[in-house]
Structures are given as structure tokens and as C-alpha cells.
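To start, the structure itself, in C-alpha cells.
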Amino acid sequence: MAFDLDMIKAVYAGMNEKIEAARKAVNKPLTLSEKILYTHLWDGKATKAFTRGKSYVDFAPDRVAMQDATAQMALLQFMQAGKDKVAVPSTVHCDHLILAKEGAKEDLKTSLSASGEVFNFLESVSTKYGIGFWKPGAGIIHQVVLENYAFPGGMMIGTDSHTVNAGGLGMVAIGVGGADAVDVMAGMAWELKFPKLIGVKLTGKLNGWTSAKDVILKVAGILTVKGGTGAIIEYFGPGAQSLSATGKGTICNMGAEVGATTSTFGYDDAMERYLRSTDRNDIADEANKVREHLTGDAAVYAEPEKYFDQVIEIDLTTLEPHVNGPFTPDRATPISQLKAEAVKNGWPTKVEWGLIGSCTNSSYEDLSRASSIAKQAVEKGLKTKSEFGINPGSEQVRYTAERDGLLQIFEDLDATIFTNACGPCIGQWARTGADKAEKNTIVHSFNRNFSKRADGNPNTHAFVTSPEMVAAIAISGDLGFNPLTDTLTNEKGEQVKLDPPFGAELPELGFAVEDNGYQAPATDGEEVTVKVAPDSKRLQLLEPFDAWDGKNIVNAQLLIKAYGKCTTDHISMAGPWLRYRGHLDNISENCLIGAVNAFNQETNKVKNQLTGEYGPVPATARAYKAKGIPSIVVGDHNYGEGSSREHAAMEPRHLGVKAVLVKSFARIHETNLKKQGMLALTFANEADYDKIRENDKINFLDLDQFAPEKPLHLEFVHEDGSKDVIKANHTYNDAQIGWYKSGSALNKIKELEAQ
Ligand code: F3S
């Protein structure tokens, strides 16, 4: 059902030749990351070496995964491409839009009713276009991917930053925006800047209270939240082989917290055991045939300094359990220093909640190790001081953990078992009293602990640690408790000590599940109708954007001259707007509302040239659009930095903006603008930014001769009748000019499809 053996066989079949070619091209032994990258080139063969951190390269990923929040716009766009079916195996996972409040049964019911139309939409599109659909309650995207789809040596993209979790099974798996997913599903190449490489050599062996989570908590402390940017982190060494596959997944998962493109491990016995245990003997057999290609060359690992851009070494034997936070995942504190740090910094030491779960730590092994601590609490007569919440990673994990009595152990501590979903990790936690914004502390096994992330309370101090440490600290109710050295007083008044955790890497009796929540697509999707209510507030089918009429744009109005930093959050804010991710017209009400107007230094207050009055950016844009007046946006440096969110390009396009002229672009946003049929232009002379006045009317002088490497000229007619002609550069190639002419990249694909 869930895996695609033929696709995997095809990937492995071509490996030998491709890796040989790549070795010749780069003229040195290869890391695992390079092997995977060079065997997934769009044009099939490595004929030249790429420069790390510089070359832009087209890749052909093997599969795509999407979660329910980001899948909405991705699929709405995919529907525009005119394809019958996705070009590569793809899946949708309903895990983000699920509440955590009362417990799995009630919460799932509430969520199905609150977001039912979104789930139904995702289900019908998936069924129609050949996409595997994982229903609400089936599990968290990255745990389900690890259990069913990840395979050593593969490349995948996913519309979620923790897609990187699949590195635990030796993949190069990368989080992207919806537009990138659409490209790959529509059969186009996917572009990535060839990453730099950070090698992490693991020696020794985990013992006692230390777990795989502590490796990444330590790495986060070393690299900080930006230290991995633009790089793949590759783990190797004897310590790496001693870790379970799901433990490796945990480490790769939080690579996102240091900004890494992704993280990965070489194929080993632990991965083979995991593949076999999750009913993928075929894949393990195939992987064994190409084992040498599924890890880095021995010469690389013998002298890593020669082949990686940076090398870190960690000895697992001496590694201490870590607790990172509050408010940032890179504030790493070894457990022995936590008490002193808490006192020094005034962090509340009373722990209110211990939460176990999230895509980072919700495997069978995680639950098993944490439950070994919980069990001791019961056996040793300890009363738990904090509340407990558990989100199993998948129905398969939940069912097996229930069968093996692990969940009962938590229930004996009055834990709430939430749905197999993201829950508190994505702020879907309806925590009682959070609105009072009281200063408090929680510990969790998640990846992110930014302010407000779990419960919306800016004063919740959230600390990230391993599931077993969450269990110990929550039982003690004290952030300063160090289970390695400290004792607790039990109900009889005795001093008791918790023994180190133990757990099963994999269930002894094998995994089991009754209904894993998977729904296969229709064999013939033609008959399937996609369900969207015309009056829906959350979903709206997209209309193709208009093609260019071939003429110069004339008499355009300046919508806003943005001052200073203008990120994708300024252009399309998140927070409450997430609700409208699948409704372009509704979400366009947040278009550029965070951008600072250069003329009055205020946000969301621009001059409407039709009335002379100041008003919100979206309303002003709509007023111009209603009168058929084109508009343009002017911006500063690195315009559109931040996320790869395609809404930041679609919204202005929807509201009638024709061009964005800036000092410089963040590259992904520039590409997104091009894909949506906009003109993304940069000042040839940055100082011309100052020439643009509030009441200008703008005429393009030579757009009708739009061609690669030929600057465009825009005439700004000022209120006093004077004019400035401004030269604007662009980076459109022939194919991208084709997108512009057709109105969008998707329109172009559709045209080609129809030919
Ligand atoms: Fe979900 Fe949190 Fe992971 S939102 S995908 S569990 S980071």
C-alpha cells in the first residue's frame, strides 16, 4: 500500500553509474549528502561539480509530503496545472488542524466539525489526483512518513520545515513552500542552492539518562539557531551506528532548529531493523544490495576536515542530558547546571505540565523509555506533581503502545492522551487559564519553544528535552530536579531515586494497527468531484491569473513604497490568518499590512489616489483593481526574506499589483513572484528608490520588448508634471518570460499540457 517499491528500485538501479560519474566530476570521495544530491539531478547525470553554497541546481525529488495547513494552497494551485495525476508519489497528512483539550476522542470530534470542510477538500483532491491521504487522527506527518515512505538514499520535499525528520532513514528530505511542491507534483524540476556540508562525528555510546535528543540539543547549543543555514548536517562515526532509526529521526528533525537545509545519516543495521519492523522487508533487501552507496565514502569519514565545510565531534559516552530553553531551542543547559541557571535567571521552577509527543519524539521507543520512568513513579509511591499530556506519533504507534500497556502506565498517572497529531506543538492546545498570561513553566519533548508557541501565553517558559527527562521532571514538578543525582520524597515519606530509563527500540511483538487512517487515491480520479462550498470562508477554488496583453503597463499607481525590512511576514502575516490559507481572497486582507509606508512611517496606511484619503493597503489595492488601474509596489533591500510562503506573491497578484520594484530580493520570493506572473524588478541604481514620490503615476516604456538580460525602463510621472525615468534590472530567462506572458507558471504548464 504505502510504499513504492518500483520507484525505489529505479532510484537504486541508477546509483552505481551516477555516483561514479559524480566522483569523477568532483574528483574526490563523496559524502552521503553529495551521493544523494548527485543521484537526484534533474538532467540525470553528474557532468560537472557544483559549488557548495553557490550553484543553483535543478533536482528531481522522489516524493512529496504535505500537511493539512500548507496542503490547501499547494493543492489549489496544483489543480490549476491541468494534470490528471501527480507526477511523483505524494501524500497529504491531516495533523495540524487538530485540537488538544479533553483527550483524543472528544478533541477529534471537535476538530472534525471545526475543520471538516478543509479535511473533505483535501480528501477529495487527494483521491482525484492520485495522492495518498492520511485522515485526521492517523498521525503526525513526519512520523507517518518515517514509518511508511522514507527510504535510504532517497530525496523528498515536504511542505513543512520538519520534513527533515526523514533523514533518520538516510534520506535527504527538505522542507519547502507550497509552490515548490506544486512544481514537483506537476512534473517540473525543483531548484535548490547546492548546500554546504557540516559533518558531525559521533563517538562512544549513549548510556543512563542520555538519549538521541541530547545530541541535537547539544548541537543546537553549538551551532545556534542560524549556524546550520544553507547546509546539510551529516552524522557519522561509531556513535551514529549505535542510535536507533527513530533516534536518528529525532536528531534530524531538530536540524530545522539550527536552520539546516536538512540532516542525514548513512544506512546501517538500525535502519534495516526499522524497515523490517515497519513491514518493509522488500526495501531493506533492496537497500542491502546498494549498501555501499547509501553512506559516505570511508575516506571522507576518515579525514572529515578535508571534505566537510565544518566538523563537530560529540562523545555520546560523556554527553549529559540537556534541557534547552526557555523561548529558544538553542539555549542549551546540561541537566547538572539547570537548577543554578533557573535560579540565576528567575525562571519559574514549578513545572505545570509535561508534554510528550510532536514529530520530534513520538516513536514507540520514545513512549517506551518515558513510560519506564512513569512506571517507577507508580511503583515507588511517588505522586506526580505536574500534569501530563501525550501525543502518540501515529495510530500504529498508539495502537502498539496501548497493546503493550505503555499508555496505561501514563493513564495511571492521570495523563491525558491526546490525538495522534501535532496538538500543543502547533498551538492547538486549549490550555485552561492560558489567557491569564501568568508566568509559568512547562517541559516538553517538542522541537520549538518560541514564545506563545504551545498555548498562546507569552509568559509560558517552555523547555525542550527528551521524553524520559520530561517524565522525570514532570513527576518531580521541579525544573531544578536532576534525576541523575537527586531523590524524591514518596507518599510514605521515604527518599526514592528514579532508575535510568530503559525501553525497546522496536516493539518486541512487532507493530500492530487496526486502521492506520490511510486512504488510497482512486484508480481513476476523473469521476471524483472536488468539494468546495461557494460560500466557504476557508476555501476558494483559484481562478487562473490573466495572461499579459503584450502591451506596456501605463498609468499605474504606487500602492506602497515599503520602508526598510519587508519580510514575507510583513507581506502576508501568519497568526490568525493561517485560517484563511486556502482562501486567496480572504487571506488577501492581510496583504502588506505589516509593511512600513516610507511616506508616513506607518503600517497599513497608504494614500488612495482616487479619494486622496489614507486607508489600509488591501482596501486601497482593491479600489484600484475595481477601476482597472494597475498598481506597483516599491521596496527596499532583501524584500520578501523569511519563509517560502507563496501567499506573499499570490496576494498582491490577486489584488491587481503588476510589478514589485525593489533594491534587492530574497531569492525564493523573487522566484515566487515570477511563478505567479508578476514583474520582479530591481533598481539598476539603488538611489533611484529616493526619487519615487507618493503621488506618482507609473508608465512602463519598453515592457513590450521584454527579453532576458535586457533592463526595463519605467517612467515615474510626478504630481508637478516632472518625470524620472528609472532603469530596472530583472533576472527572467526565456522560460520565465513565458510564465509572465501566460499569466503564471501554472498557466504555462496547462498550455503545454493542452498542446
Ligand atoms: Fe507538527 Fe509540531 Fe512537528 S506542528 S509537524 S509536531 S513541529
Next on the checklist: Looking only at strands (runs of 3 or more DSSP E) that lie completely in region 136-206, which have at least 1 residues being within 16 Å of the ligand (Cβ to nearest atom)?
Outcome noted: 155-158, 172-175
Checklist entry - Counting just the residues of region 324-361 that are of a type outside the set (Val, Ile, Thr) and part of a strand (DSSP E or B), which one comes out surrounded by the fewest Cβ atoms within 10 Å (Cβ to Cβ)? => result LYS350
Item to check | Residues that are part of a helix (DSSP H, G or I) and touching a strand residue (DSSP E or B) at 6+ places or on another chain (Cβ under 8 Å), drawn from region 98-124 | outcome: ALA104, ASP107, GLU117, VAL118, PHE121, LEU122, GLU123
Checklist entry - Would region 683-696 turn up any residue that is under 33 Å from the mean Cα position of the chain (by Cα) and either assigned to a helix (DSSP H, G or I) or at pLDDT 95 or above (or both)? => result yes
Checklist entry - GLU286 fails exactly one of the following numbered conditions: (1) not in a helix (DSSP H, G or I); (2) not assigned by TED's automatic domain parsing to the domain that holds ASN449; (3) not hydroxyl-bearing (Ser, Thr, Tyr). What is the number of that condition? => result (1)
Checklist entry - Which members of region 553-565 meet the condition of being at pLDDT 95 or above and buried (at least 17 other Cβ atoms within 10 Å of the Cβ)? => result ILE553, ALA556, GLN557, LEU558, LEU559, ILE560, LYS561, ALA562, TYR563
Next on the checklist: Can you say whether SER277 is among the hydroxyl-bearing types (Ser, Thr, Tyr) and touching a Leu at 6+ places or on another chain (Cβ under 7 Å), as far as the supplied structure shows?
Outcome noted: yes
Next on the checklist: Of everything in region 77-92, what is in contact with a Gly (Cβ under 7 Å, 6 or more places away or on another chain) and either within 16 Å of the ligand (Cβ to nearest atom) or without any contact (Cβ under 8 Å) to a residue 60 or more places away in the chain (or both)? Give them in sequence order.
Outcome noted: THR91
Next on the checklist: Regarding region 486-495, can at least one residue be identified that is of a type in the set (Ser, Thr, Tyr), farther than 21 Å from SER372 by Cα, part of a strand (DSSP E or B) and outside the structural domain of THR110 (by TED's automatic domain parsing)?
Outcome noted: no
Next on the checklist: I'm told PRO329 meets every condition in (1) more than 22 Å from the chain's Cα centre (by Cα); (2) within 23 Å of GLY423 (Cβ to Cβ) except one. Can you identify the failing condition by its number?
Outcome noted: (1)
Checklist entry - Just to be sure, is ALA256 in contact with a Leu (Cβ under 8 Å, 6 or more places away or on another chain) and outside any strand (DSSP E or B)? => result no
Checklist entry - Which of the residues spanning region 362-396 are more than 18 Å from GLN67 (Cβ to Cβ) and assigned to a loop (DSSP other than H, G, I, E, B)? => result SER363, LYS380, GLY381, LEU382, LYS383, THR384, LYS385, SER386
Checklist entry - Would a scan of region 439-448 turn up a residue that is modelled with pLDDT under 95, buried (at least 16 other Cβ atoms within 10 Å of the Cβ), among the aliphatic types (A, V, I, L, M) and away from the ligand (no atom under 13 Å from the Cβ)? => result no
Next on the checklist: Quick check on my filter: what residues within region 704-726 are out of contact with any strand residue (DSSP E or B) (no Cβ under 6 Å at 6 or more places or on another chain) and either closer than 22 Å to LEU542 by Cβ or surrounded by 14 or more Cβ atoms within 10 Å (Cβ to Cβ) (or both)?
Outcome noted: PHE706, HIS718
Checklist entry - Regarding GLY456, is this residue of a type in the set (Gly, Ala, Ser), away from the ligand (no atom under 11 Å from the Cβ) and without any contact (Cβ under 8 Å) to a residue 12 or more places away in the chain? => result no
Next on the checklist: Step by step: first the residues of region 411-434, then only those that are farther than 22 Å from PRO136 by Cβ and in contact with a helix residue (DSSP H, G or I) (Cβ under 6 Å, 6 or more places away or on another chain), then the one that is farthest from the ligand (Cβ to nearest atom). Which residue is that?
Outcome noted: ASP412
Item to check | In region 397-436, residue farthest from the chain's Cα centre (by Cα) [restricted to those that are part of a strand (DSSP E or B) and at pLDDT 95 or above] | outcome: THR416
Checklist entry - In region 103-110, is there at least one residue being of a type in the set (Ser, Thr, Tyr) and either in contact (Cβ under 8 Å) with a residue 12 or more places away in the chain or within 16 Å of the ligand (Cβ to nearest atom) (or both)? => result no
Checklist entry - Would you pick out the residues in region 126-135 that are away from the ligand (no atom under 13 Å from the Cβ) and not in a helix (DSSP H, G or I)? => result GLY130, ILE131, GLY132, PHE133, LYS135
Checklist entry - Just to be sure, is ALA522 touching a residue at least 12 places away in the same chain (Cβ under 8 Å) and within 30 Å of TRP347 (Cα to Cα)? => result no
Checklist entry - Out of all the residues in region 248-263, is one or more in the same structural domain as GLU34 (by TED's automatic domain parsing), modelled with pLDDT of 95 or more, in contact with a helix residue (DSSP H, G or I) (Cβ under 7 Å, 6 or more places away or on another chain) and over 19 Å from SER161 (Cβ atoms)? => result no
Next on the checklist: Of everything in region 214-247, what is more than 15 Å from the ligand (Cβ to nearest atom), among the β-branched types (Val, Ile, Thr) and closer than 16 Å to ASN165 by Cα? Give them in sequence order.
Outcome noted: VAL215, VAL219, ILE232, ILE233
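The values are calculated or read from the model by the stated rules, or taken from the named source; none is laboratory data. Computed from a predicted structure; not experimentally measured. Backbone-built Cβ (ideal geometry, glycine too); neighbour counts: all protein chains shown.
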